[in-house]
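Contents: one structure, followed by commentary.
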Amino acid sequence: MADIQVTNNEAESRFEVTLDGETAFAEYRLVDHGIILPHTVVPTAFEGRGIASKLAVAAFTYARENDRKVIPICPFMSGWVTKHPEWHDIVHDTYKTRLGLG
């Protein structure tokens, strides 16, 4: 899956992967010094291929590169970040507490 490319569709405020005419995406909303991740959609045909994780990495990388704290409202993003301690430092303090990250 290394050849899968995630794009930032700024017009739609979402990170996307398009394959075979279908699109998986992670929506985002930019707020003061933060990025809210409210919703992730992965078509059934993409399941089990690591697409959602690639969307998560893209979103968290964007946050880190743009000095934003992540507010992972989406259940997938919340669960994903709890399993990846290398990203805990950019989770908003309120959500660190909610997710039990420290």
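Worth a mention:
- Value of [θ]222 nm, deg cm²/dmol, for the chain, DSSP H segments ≥ 4, -39500 (n - 2.57) each, nearest 500: -8500 deg cm²/dmol
- Evaluated over the stretch 28-102, the Cα radius of gyration and Dmax, each in Å: 11.9, 36
- The stretch 60-102 versus the stretch 2-26: alpha-carbon centroid distance in Å: 20
- Estimated vicinal HN-Hα couplings, Hz - the stretch 54-68 in sequence order (Karplus 6.51, -1.76, 1.60; Gly, Pro = x): 5, 5, 4, 4, 4, 5, 5, 5, 4, 4, 4, 5, 10, 6, 10
- Sequence-ordered 3J(HN,Hα) estimates for the stretch 27-41 from the Karplus curve with 6.51, -1.76 and 1.60 and θ = phi - 60° stand at 6, 9, 9, 8, 10, 3, 6, x, 9, 8, 10, x, 7, 10, 10 Hz, glycine and proline given as x.
- Backbone amide hydrogens, once placed in the peptide plane, bring ILE73 within less than 5 Å of LEU37, excluding anything fewer than 5 places away on its chain.
- Applying the Karplus relation 6.51 cos²θ - 1.76 cosθ + 1.60 with θ = phi - 60° to the stretch 3-16 yields 3J(HN,Hα) values of 7, 6, 10, 9, 10, 9, 8, 5, 4, 9, 6, 7, 8, 9 Hz, where x marks Gly and Pro.
- In this structure, the amide hydrogen of GLY34, modeled 1.01 Å from its nitrogen in the peptide plane, lies closer than 5 angstrom to those of LYS69, counting only residues at least 5 positions away or on a different chain.
- Dipole magnitude (debye, nearest 20) for the stretch 7-99, charges at Cβ of Lys, Arg, Asp, Glu: 320
- Cβ-based exposure ranking for GLU27, GLU86, in which fewest neighbours within 10 Å come first: GLU86, GLU27
- Candidates SER78, HIS39, ILE51 compared by Cα position along the dipole of the stretch 7-99: farthest toward the positive end lies SER78, with charges placed on Cβ.
Laboratory data are not the source of any read-out in this text; all were calculated from the coordinates shown. Remember, it's a predicted structure, so these values are computed and weren't measured experimentally. Neighbour counts are summed over all protein chains in view; Cβ atoms, including those assigned to glycine, are modelled from backbone coordinates with ideal geometry.
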